[in-house]
1. May I ask you to verify whether GLN7 is free of Cβ contacts under 8 Å to residues at least 24 places away in the same chain and within 18 Å of GLU139 (Cα to Cα)?
2. Given the conditions (1) at pLDDT below 85; (2) touching a Gly at 6+ places or on another chain (Cβ under 6 Å); (3) crowded, with 21+ Cβ neighbours inside 10 Å, which single one is not true for HIS92?
3. Scan segment 50-68 for residues that are part of a helix (DSSP H, G or I) and either under 20 Å from VAL121 (Cβ atoms) or small (Gly, Ala, Ser) (or both) and report the count.
4. Name the single residue, out of those in segment 8-49 being among the acidic types (Asp, Glu) and not in a helix (DSSP H, G or I), that is nearest to MET120 (Cα to Cα).
5. From the list ALA117, ALA129, which one is open to solvent by less than 50 Å² (accessible area, probe 1.4 Å), out of contact with any Pro (no Cβ under 6 Å at 6 or more places or on another chain), aliphatic (A, V, I, L, M) and modelled with pLDDT of 85 or more?
6. GLY107 versus (1) within 15 Å of LEU28 (Cβ to Cβ); (2) part of a helix (DSSP H, G or I); (3) modelled with pLDDT of 95 or more: which is the lone unmet condition?
7. So, in segment 1-22, exactly how many residues are open to solvent by 30 Å² or more (accessible area, probe 1.4 Å) and within 14 Å of LEU110 (Cβ to Cβ)?
Amino acid sequence: MGAAVNQALEHLATQLALNEPDHERLRLEFGYDCVLRVKHFIEEPAVADCLFGLGQFLSGSIDRPRLEALATQAFHLANQHPGSKSIDGAGHAAVSATYAVANALAGKALQAAEYAAYAMVYGQGGYGAVTDRGSFEPEFAWQVQRLASLAGQKVRKESEA
């Protein structure tokens, strides 16, 4: 990855101190929301199950040890992904979406967002689109708005407590 970086998202994440330990839930929620936008590219049912598990954790249906086991499984699945044989790059969307799931489960929100953005662009425009930074802009804008919205909800909930 790295060809297209969402600088506005990175700036917002720095402002929010997103990587601080007490912001884990915000990282998990944001990563989850990013991946939900590209879940239709996931090819492996086991990867989709891992994503479902993150949703269960966020809703309180499963505990941390189960989340950690799913995160380990998701990275294993991502690293075992056969890759894409498609000439147009559309199959790369599945690879990127799989890595997005693995990073979301691990609480690596910015990495999850980056992989999700690549999945979206591969899925919409194929391999050639990833060389055009403009192809990423709609997803980048959504990501910034979504993180800001989630952070605002977190601030409101804390002030009401």
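1. Numbers: free of Cβ contacts under 8 Å to residues at least 24 places away in the same chain: yes; within 18 Å of GLU139 (Cα to Cα): yes.
Spelling it out, GLN7 is indeed free of Cβ contacts under 8 Å to residues at least 24 places away in the same chain and within 18 Å of GLU139 (Cα to Cα).
2. Condition not satisfied by HIS92: (2).
3. Residues of segment 50-68 part of a helix (DSSP H, G or I): 50-59, 64-68.
Narrowing further to those that are either under 20 Å from VAL121 (Cβ atoms) or small (Gly, Ala, Ser) (or both): 51, 53, 55, 59.
Residues that pass the stated criteria total 4.
4. Narrowing segment 8-49 to residues among the acidic types (Asp, Glu): 10, 20, 22, 24, 29, 33, 43-44, 49.
Narrowing the set further to residues that are not in a helix (DSSP H, G or I) leaves 20, 43-44.
Details: GLU20: 28, GLU43: 14, GLU44: 17 Å.
Top of the filtered list is GLU43.
5. Residue meeting the stated conditions: ALA117.
6. If we test GLY107 against (1) within 15 Å of LEU28 (Cβ to Cβ); (2) part of a helix (DSSP H, G or I); (3) modelled with pLDDT of 95 or more, just (2) comes out false.
7. Looking only at segment 1-22, we keep the residues that are open to solvent by 30 Å² or more (accessible area, probe 1.4 Å), and these are 1-3, 5, 7-8, 10-11, 14-17, 19-22.
Applying the additional criterion that residues be within 14 Å of LEU110 (Cβ to Cβ) yields 1-2, 5, 7-8, 10-11, 14-17, 19-20.
Here the count works out to 13.
The values are calculated or read from the model by the stated rules, or taken from the named source; none is laboratory data. Given the structure is predicted, the values throughout are model-derived calculations rather than measurements. When we count neighbours, we look across all protein chains shown, and the Cβ atoms used for this are built from the backbone with ideal geometry, even at glycine. Remember, those area values only see protein heavy atoms, side chains included, never the ligands or the DNA or RNA. Shrake-Rupley method; radii C 1.70, N 1.55, O 1.52, S 1.80 Å.
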